[in-house]
Amino acid sequence: MHPFLANRLVEPRTFAALSEVSDGSLISEGGAVFPVVDGIPVMLDLQAKGEQYIEHYQTDAAEFDYFEERDDPATEHDERRVREALLRRLPDGVTNVLDVGCGRAWVANALTPRGVTVCSLDVSLTNPKRALSMYPNDNHCAVVADAFALPFASNSIDSVIASEIIEHVPNPHAFVKELLRVIKPGGVLLVSTPYKEKLRYSLCIHCNQPTPLHAHIHSFDEKVLSTLTPDVHQVTFAWESFGNKVLLFLRTYPLLKWMPYGLWRKVDGLANAVVNKRAHIVVEWRKHVA
């Protein structure tokens, strides 16, 4: 097992210690058994396996290729700027990062060459398995788990990134609370999400019920996100919004994509001062040192 996992993995919810058995699987002190598939521990507990969102995103990962190249260069440019904003908020000296809802594993691609250990976590085996294949590195490991029941000891991880995930989850407050639980004092939880998104629905052809487009079930701004700060942790809350929907609509990326991040932010800030239509928000919850 990867050293990062060996020193931190516990049974979800109970936090019982784990040990390896002869077939390579993991067993907890309480007798729960978790398989290891292609070197990836599958740490979904019985309660998590029964959740509807688990099945949805497992099927989603199997049906859609998260790693394919973007058809729209404007979308690729927009996503790049979100990634840059998140990475700039990582603390100096961070040695490991948990990438929750790893998707196309851009966190591992960006950080493992710098010597940072990245654990790509997803509720489906498909994306973490592909992530390890795409970005093989001694600093890269993966685990299958539910973000609401992380299989990590409390205060054991330097920082957590959850990019474009929180708008999908059924309980954002519980989501933030659980991610902060595993972060060491002094570490940060970084979350990105669309800013003041207007939620849209279509009628599902199968169940004849309204279905949210892109599976986005929440819309956030800084006020809503600040209310998610849990009382059980001493944390500070900071945020920044950026990206201009008018610039995106006008497809200005052929010019803007060549700008360094600092210059792009100045242009972006000027655009939002004229027409305040921000596209994204990045939030930082920093856990206090006791």
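The values are calculated or read from the model by the stated rules, or taken from the named source; none is laboratory data. It should be emphasised that the depicted structure is a prediction, and the values quoted were computed from it without experimental measurement. Cβ: placed from backbone, ideal geometry, glycine included. Neighbour counts: every protein chain shown. Accessible surface is based on the protein model in full, side chains and every heavy atom, while ligands, DNA and RNA are left aside. Shrake-Rupley method; radii C 1.70, N 1.55, O 1.52, S 1.80 Å.
Calculated [222 nm] ellipticity per residue, helices only, for the chain: -8500 deg cm²/dmol; basis is -39500 (n - 2.57) per DSSP H run with n ≥ 4, divided by all residues, nearest 500.
Computed in the context of the full set of protein chains, the accessible area of segment 226-290 at 1.4 Å probe radius has 64% of its extent on carbon or sulfur. Using the 1.4 Å probe convention, the accessible area of the chain works out to 50 Å² per residue with neighbouring protein chains retained. As a length-normalised measure over Cα pairs under 8 Å and 6 or more apart, the relative contact order of segment 1-159 settles at 28 percent. Report the one residue of Val42, Trp106, Leu5 whose Cα lies farthest in the direction of the positive end of the charge dipole of the chain (charges on C-beta: Lys and Arg +1, Asp and Glu -1; origin at the Cα centre). Going by the Cα projections, it comes out as Trp106.
In segment 203-290, which chymotrypsin sites (Phe, Trp or Tyr not before Pro) fall in coil by DSSP and have 12 or fewer other Cβ atoms within 10 Å?
Working: sites: Phe220, Phe237, Trp239, Phe242, Phe249, Trp258, Tyr261, Trp264, Trp285; in loops: Trp258.
Qualifying residues, ordered by number: Trp258.
Given a Förster distance of 30 angstrom, what is the FRET efficiency for Ser22 paired with Asn137, based on the Cβ-Cβ distance and rounded to 0.05?
Working: r = 29 Å, r/R0 = 0.95.
It comes out at approximately 0.55.
Summary of the geometry: segment 167-244 and segment 92-165, compared by the centres of their Cα atoms, lie 19 Å apart. Close amide-amide hydrogen proximity is noted between Cys102 and Leu121, Asp122, each under 5 Å apart and 5 or more residues distant or on a separate chain (H modeled in the peptide plane; Pro and chain starts excluded).
Evaluating 6.51 cos²θ - 1.76 cosθ + 1.60 at θ = phi - 60° for every residue in segment 215-221, the Karplus couplings come out as 6, 8, 10, 9, 10, 10, 9 Hz, glycine and proline recorded as x.
Using Cα pairs closer than 8 Å and at least 6 residues apart in sequence, work out the relative contact order for segment 185-290, in percent. Display every interim value, and only then the final one.
Details: 143 pairs, mean separation 49.1, N = 106.
Reported relative contact order: 46 percent.
Taking every C-alpha pair closer than 8 Å and separated by at least 6 residues, the mean separation divided by the residue count of the chain gives a relative contact order of 17 percent.
About the centre of its Cα atoms, segment 189-271 shows a dipole size close to 400 debye [charges on the beta carbon of Lys, Arg (+1) and Asp, Glu (-1) only; nearest 20 debye]. Net length available on complete extension from Ala174 to Arg114 is 18.4 nm, with 0.36 nm assigned per residue and the Cα-Cα distance removed. Expressed as a whole percentage, what fraction of the accessible surface of segment 111-223 belongs to carbon and sulfur atoms when a 1.4 Å probe is rolled over the protein heavy atoms? Summing carbon and sulfur atoms, their accessible area is 53 percent of the total for segment 111-223.
Which parts of segment 252-280 would a label at Ser219 reach, counting a residue when its backbone N lies under 19 Å from a point 7 Å out along Cα-to-Cβ? Inside the label zone: 275-280. Considering only Val191, Cys204, Gly30, the residue lying farthest towards the positive end of the dipole of the chain is Val191, judged by Cα position with unit charges set on Cβ.
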